[in-house]
1. Enumerate the lysines that B:LYS86 could reach by cross-link, defined here as Cα to Cα under 27 Å, with residues fewer than 8 away along the same chain left out.
2. Considering every residue in A:80-86, what mean count of other chain Cβ atoms within 10 Å of its Cβ is obtained?
3. How shielded is A:32-38 by partner chains, expressed as the average number of their Cβ atoms within 10 Å of its Cβ atoms?
4. For B:LYS86 and B:ARG64, what is the calculated FRET efficiency with R₀ set at 45 Å and r taken between the beta-carbons, to the nearest 0.05?
5. What average number of partner chain Cβ atoms lie no more than 10 Å from the Cβ of the residues making up A:92-104?
6. Determine, for each peptide in B:273-279, B:27-33, B:37-43, the mean count of other beta carbons within 10 angstrom over its residues, then list the peptides with the highest first.
7. If one takes the longest principal axis of the Cα atoms in chain A, at what angle in degrees, from 0 to 90 and to the nearest 10, does the Cα axis of helix A:103-126 lie?
Amino acid sequence: MSVDSSTKEPPAEPGANQDEPKYGGYTRFELELEFVQSLGNPQYLNHLATRKFLTDARFVAYLKYLLYWARPPYLKYLTYPGPTLKHLQLLQEEKFRENIISPELVHLLIAEGMKAGVEWHQETETKP
Amino acid sequence: MDKYLDARFERVERALASLIDSIAKYNPSEKLGEELVAADRELAAGLQALETHHNNHARIQQLRAETAALDAQTKDIIGALWAMRKEVKNTHTTVYAASGPKYQFTTAELLDYARRISSTTLPPQAAINGAADRAAATAGAAGTSPDADDAARSSQGGQTPTASFGASFNGGSATPTQTQTQTQSQTTVTSTFTELPMNIKPAVNPGDGAVFYPWPVEEQIRGGALSAVDYLSTHGIDPRGYDPEEEEQRKKEEEQARKEAEERARQEREEAERRMREERERMARERERARAEAERRGSVATGFIQAPAKAQFTFLDGLDDDDDDD
C-alpha cells in the first residue's frame, strides 16, 4: 500500500474536514472505503494472497485496523455490506489468509456469495 | 327429611296397628281403613319428596364437585401464571456479547441506507431467474472438477490463475461460458417448442444472462481510486498531496499563462516591428525631405548666384560711386 496507514485513528467522515490531505486526489476515507469493499471480491483476495500481502504482518495489522468499518458512522457507507464485512472478518483469521490462495476456495466463495446474494432476497420474499 | 318420613311411617304403622286391632277384635272400622289409606298416601307423597330431595342432594353434590374442580383449575391456572410471571421476570434477556455493541439509529437513516445499497445488494430479476442453477453449476464445477475448470480457464486466459489479478479474475468469463453451454443444451432440447433462438434472446430481453455479483467487480476495482494512486506511484509520483485535478488545473493555468506570455511577446514584437517600420518610414521621409531640401537648397544656391548679380548691380552704385567719384 502506497497510502500511509500508520495512523491509528480512522479517517474523518466526508465533509467533516476540508483540509484533509489527499492522495492522488482522493482522501484516505475514500481510498480505504474502496479498498475495504474490494475485499468483498474473492478474486481480489486471491490476488492479494498471490502477491504475498496476506502474509505480511504490517498488512495483517492494517486489516485489523480496517475493522472500524464495522462500526458507525462508517458502516453506513458500505454499499456491499454483506461480503465486505464477512471477508473482513474472515481475513482476521490466519487460516483463511493462508487458504484463500487456493482457487478452489475462491470458486467456493464466489458460488456461495452469488447464491446468497440472490437467495437472501427470495427468503425475505417468501416469508409470510 | 328423616323426621318427616318417620312421622309418616309412624302414622301408617299406627293406622295399620289400629286397623289390625280392630280386625282382631272382629270390629273392623271403615274409618280406620280410610285413615290407613290416607296415611299410605301421605307416605307415598313423602317418598316422592324424598326422591326429589335425593335428586336435589345429588345435584348439589355434583355442583359442589364441579365447583371444587373449577376452583382447583383456577388455582392451578393462577399458580401457573404466577410461576410464569416470576419466571419471565427472572429471565435475563440474552446478551450477545460476542456480536459487539449495539448502536442507535433512526428509521430514516435505515431507509436511506436501504435505498443506497439496493442497487448493489438486490439482484435484478433477470439474474434471479436461473441464478440458482448457475450458482449450483458453478459450485458443482468448483466442487467436483476444479482442475478441469482451472485448465479451461488457463487455456482461455492463456495465464495461470495466480499469475496476475487479471488472470485470476476471469471467473466472469468462466461463468458465462458455463451458462452458455447450459442454455445451449436447453435450447437443443426445447428449440422446437417455445425457446427463442440464442441470437434473438438478448434483443428481446436485455437482461438475458445477466450475472449478479454482490461485490465490486474487477472493472470497478481497476477503475477506482486505488488504481489511480497505484498508477501515480508506478510513474514515480508521490501521491501524497498530489491531486490530478489540481495538477490538471495548474497545467492548464500554466499553459494559459504561457499562451498569454507568447501573445504578449508577439504583440510586443509586432509593436516593435511597427515602431521600427514607422521609424524607417520616418527616416525615409526625413531622408526624402532632406533630399528635397537639398534640392531646394540647390535651387536656392542658383538664386544666390543671381544675387551677386544683384549685388553686382548694387555694386553698380559703387561703380556709380566710382563713377560719381569720377
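Any read-out appearing in this document is the output of simple, stated calculations on the displayed coordinates, not a laboratory observation. Model, not experiment: these values are computed from the prediction. Cβ coordinates were reconstructed from backbone atoms using ideal geometry, including for glycine residues, and neighbour counts include every protein chain displayed.
1. Result set, ordered by chain and number: B:LYS75.
2. Other-chain Cβ atoms within 10 Å of each residue's Cβ, averaged: 4.
3. The per-residue average across the peptide is 4.
4. 0.90
5. Values: counts 0, 0, 0, 0, 0, 0, 0, 0, 0, 3, 2, 11, 6.
Mean number of neighbouring Cβ atoms from other chains: 2.
6. Those peptides, ordered most packed to least, come out B:37-43, B:27-33, B:273-279.
7. It is inclined by approximately 80 degrees.
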